[in-house]
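One structure is given here, and the rest of the page talks about it.
The values are calculated or read from the model by the stated rules, or taken from the named source; none is laboratory data. Since the structure is predicted, the reported quantities are computational estimates derived from the model, not experimental observations. Virtual Cβ from ideal backbone geometry, glycine too; neighbours counted across all protein chains shown. Heads up: the accessible areas ignore ligands, DNA and RNA and are worked out on the full protein's heavy atoms, side chains in. Shrake-Rupley method; radii C 1.70, N 1.55, O 1.52, S 1.80 Å.
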Amino acid sequence: MAIELYQFRPLWGLPNFSPFCMKLETYLRLAGLPYEVVKGEHVFNSPSGKLPYIRDRGRVVTDSSQIIDYLKAQYGDPLDERLTPAQRATALAFQRLVEESLYWAALYSRWLDARNWPSVRQAVFGHLPPLLRRLVPAMVRAKLRRDARGQGIGRHGEDELYAIGCHDVDAVATALGEQPYFLGDAPTSIDATMFGFLANLIWAPLDSPIKRQAAKYPQLDAYCRRMWARCFAERPLPPAAQR
């Protein structure tokens, strides 16, 4: 029985505009687990109020990291079973870096930077009926502004905030170096995380200092192309990657 995957709809040629959703779908493909994406708008049906979540044999699991832990416990751990303790520690440290630091700078660039907001609003909410199209974007944006301020990064000025994101990109690029994958010659679960975040940064049609910083490292684009060929080869590259 296929795992039911509930996530946002594809956008900009990416499997998902949420790096967490894209992380999970990439993991499912890397691990060779059968799944089906359930079409529709599911965020209001999620037990946590967030996406992604899965339904597996009647059990609902939320949060991308908790879902991956659940899948490993239920179906084995073919990607990470041979990692050393030091490699596992490195993977966890970089997962935290992108999910709890770089994520917030990227969120700001997408949802709160006034230069990108009109494009994001149209792309994400343009399909809604007129009344919702007027109300929902402002509500979502206000919530994300509160979230960023509560996390702390939203209390920085824009230049400081983007500097934090650029330093994170530098660290990711340095760690990858010339390796095919983040921990060597074969993909592991950290690559699902890194790909979900980097592709959403590099290939989303939005400009920001952190995107320009990432463009200084050709290995990041090459890495995303390598992961795409491995996991989503049946789909054309996103338009931003074809330029």
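Table for the structure above
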quantity	calculated
Residue match in the stretch 175-187 (condition: polar (S, T, N, Q), surrounded by 12 or more Cβ atoms within 10 Å (Cβ to Cβ) and either within 17 Å of the chain's Cα centre (by Cα) or under 14 Å from R96 (Cα atoms) (or both))	no
Boolean, D191 is surrounded by 21 or more Cβ atoms within 10 Å (Cβ to Cβ) and assigned to a helix (DSSP H, G or I)	yes
Selection from the stretch 1-41 of residues that are in contact with a Leu (Cβ under 6 Å, 6 or more places away or on another chain) and without any contact (Cβ under 8 Å) to a residue 40 or more places away in the chain	Y35, V37
Qualifying positions in the stretch 226-243 - part of a helix (DSSP H, G or I), in contact with a Phe, Trp or Tyr (Cβ under 7 Å, 6 or more places away or on another chain) and open to solvent by 20 Å² or more (accessible area, probe 1.4 Å)	A240
Verdict on T62 being buried (at least 16 other Cβ atoms within 10 Å of the Cβ) and without any contact (Cβ under 8 Å) to a residue 24 or more places away in the chain	yes
Pairs where the first residue, in the stretch 213-225, is in contact (Cβ under 8 Å) with a residue 12 or more places away in the chain and assigned to a helix (DSSP H, G or I) and the second is open to solvent by 50 Å² or more (accessible area, probe 1.4 Å) and charged (D, E, K, R), C-beta under 9 Å, 6+ apart	Q219/E178
Count of the stretch 195-221 residues which are open to solvent by 40 Å² or more (accessible area, probe 1.4 Å) and within 17 Å of Q242 (Cβ to Cβ)	5
Those helices (runs of 4 or more DSSP H) lying entirely in the stretch 20-126 with at least 2 residues farther than 24 Å from P10 by Cβ	64-75, 85-97
Matching residues in the stretch 94-125 - criterion: being under 14 Å from T193 (Cβ atoms) and either touching a Pro at 6+ places or on another chain (Cβ under 6 Å) or hydrophobic (A, V, I, L, M, F, W, C) (or both)	F94, L97, V98, L102, A106
From the options D56, D63, residue that is modelled with pLDDT of 95 or more and on the phi > 0 side of the Ramachandran plot	D63
Test: A91 is crowded, with 16+ Cβ neighbours inside 10 Å, touching a Gly at 6+ places or on another chain (Cβ under 7 Å) and within 27 Å of A192 (Cα to Cα)	no
Residue check, M22 open to solvent by 60 Å² or more (accessible area, probe 1.4 Å) and either out of contact with any helix residue (DSSP H, G or I) (no Cβ under 6 Å at 6 or more places or on another chain) or within 25 Å of L201 (Cβ to Cβ) (or both)	no
Those residues of the stretch 148-162 which are open to solvent by 40 Å² or more (accessible area, probe 1.4 Å) and assigned to a helix (DSSP H, G or I), in sequence order	R149, G150, Q151, R155, E158, D159, E160
Some residue of the stretch 125-139 being buried (at least 16 other Cβ atoms within 10 Å of the Cβ) and either among the aliphatic types (A, V, I, L, M) or under 30 Å from G32 (Cα atoms) (or both)	no
Selection count where residues are small (G, A, S) and not in a loop (DSSP other than H, G, I, E, B), scope the stretch 169-188	4
